[in-house]
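Q: Can you keep this structure in mind? I'll have questions shortly.
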Amino acid sequence: MTKFSWFRLVGFVEGLSLITLLFIAMPLKYGADIPIAVTIVGSAHGVLFLLYIAFVLFMTATVRWSWKWFIGASAVAFIPFGNFVLDRKLKNADFTQKKVGEEMLGS
């Protein structure tokens with residue numbers, strides 16, 4: 001697998017963990033009084049979030065994407081379904097250009 005494939009995979013799994021935390025674990029905690037769901041899913045999400053941010057830093061450094069791209073790629077980790085939108089942009093992006101980050105964010 002290429003570094004882009006790994007980045008997209010980590011982003012997908014991290015995005016899925018955020019959705020699981022917000023839409024399954026949190027309702028279980030507050031609606032069904034099962035706090036262990038947030039403990040387990042929240043811990044997994046925390047590890048995946050750190051891994052995702054490490055990959056964002058790695059990709060920014062190795063591909064030399066702009067800081068604007070770095071901020072955008074980091075921000076989507078806080079938005080439900082944001083990683084899936086970024087993944088689509090990554091899938092359709094032309095990585096041969098020097099200013100890929102700025103093009104991807106619509107500048």
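All of the numbers you see were taken from the coordinates with simple rules; none came from a lab. Please read all numbers here as calculations on a predicted model, not as lab measurements. Positions of Cβ are backbone-derived with ideal geometry, glycine not excepted, and every protein chain shown enters the neighbour counts.
Q: Quick query: amide H of ILE34 versus all other amide H atoms, modeled in the peptide plane; which residues come in under 5 Å with a sequence gap of 5 or more or a different chain?
A: For ILE34, the qualifying residues are LYS29.
Q: Here's another thing I want to ask about it. Report the net charge of residues surrounding PHE7, where surrounding means a beta-carbon distance below 13 angstrom and charges are Lys +1, Arg +1, Asp -1, Glu -1.
A: Summing Lys/Arg as +1 and Asp/Glu as -1 gives +2.
Q: Need the full-extension length gain, VAL85 to THR2, defined as separation in residues times 0.36 nm minus the C-alpha distance. One decimal, nm.
A: Roughly 27.9 nm would be gained on extension.
Q: Give the residue from THR39, THR2, LEU50 lying farthest towards the positive end of the charge dipole for the chain; charges sit on Cβ (+1 for Lys and Arg, -1 for Asp and Glu) and the dipole is referred to the Cα centre.
A: The Cα lying farthest towards the positive end belongs to THR2.
Q: Assign unit charges at the C-beta atoms only (+1 for Lys and Arg, -1 for Asp and Glu), then state the dipole size of segment 3-104 relative to its Cα centre in Debye, rounded to the nearest 20.
A: 340 debye
Q: State which entries of LYS68/LYS91; LYS3/LYS29; LYS68/LYS89; LYS29/LYS91 exceed 26 angstrom in Cα-Cα distance in the structure shown.
A: LYS3/LYS29; LYS29/LYS91
Q: Let me ask something else. Hey, what do the phi angles of segment 59-76 turn into as Karplus ³J(HN,Hα) couplings, whole Hz, using 6.51/-1.76/1.60 and θ = phi - 60°, x for Gly and Pro?
A: Once θ is set to phi - 60°, the couplings for segment 59-76 become 5, 4, 6, 7, 8, 6, 6, 6, 5, 4, 5, 4, 5, x, 5, 6, 5, 5 Hz.
Q: Normalised by the number of residues in the chain, what is the relative contact order in percent for Cα pairs under 8 Å and 6+ residues apart?
A: 31 percent
Q: Can you compute 3J(HN,Hα) from phi for each residue in segment 28-41, using the Karplus curve 6.51 cos²θ - 1.76 cosθ + 1.60 with θ = phi - 60°, rounded to whole Hz and x for Gly and Pro?
A: Couplings: 5, 5, 8, x, 10, 6, 10, x, 5, 4, 5, 4, 6, 5 Hz.
Q: Also, I was wondering about something else. Give the shape of the chain as rounded, prolate or oblate, defined through the alpha-carbon gyration tensor: a ≥ b ≥ c are the square roots of its eigenvalues, a/c under 1.5 means rounded, and otherwise the shape is prolate if a/b is larger than b/c and oblate if not.
A: Because a/c hits 1.5 or more and a/b exceeds b/c, the chain counts as prolate.
Q: Let me ask something additional. Between TYR30 and ASN92, what FRET efficiency comes out of the Förster formula 1/(1 + (r/R0)^6) with R0 = 30 Å and r the beta carbon distance, rounded to 0.05? Write out the running numbers ahead of the final one.
A: Values: r = 38 Å, r/R0 = 1.27.
It comes out at approximately 0.20.
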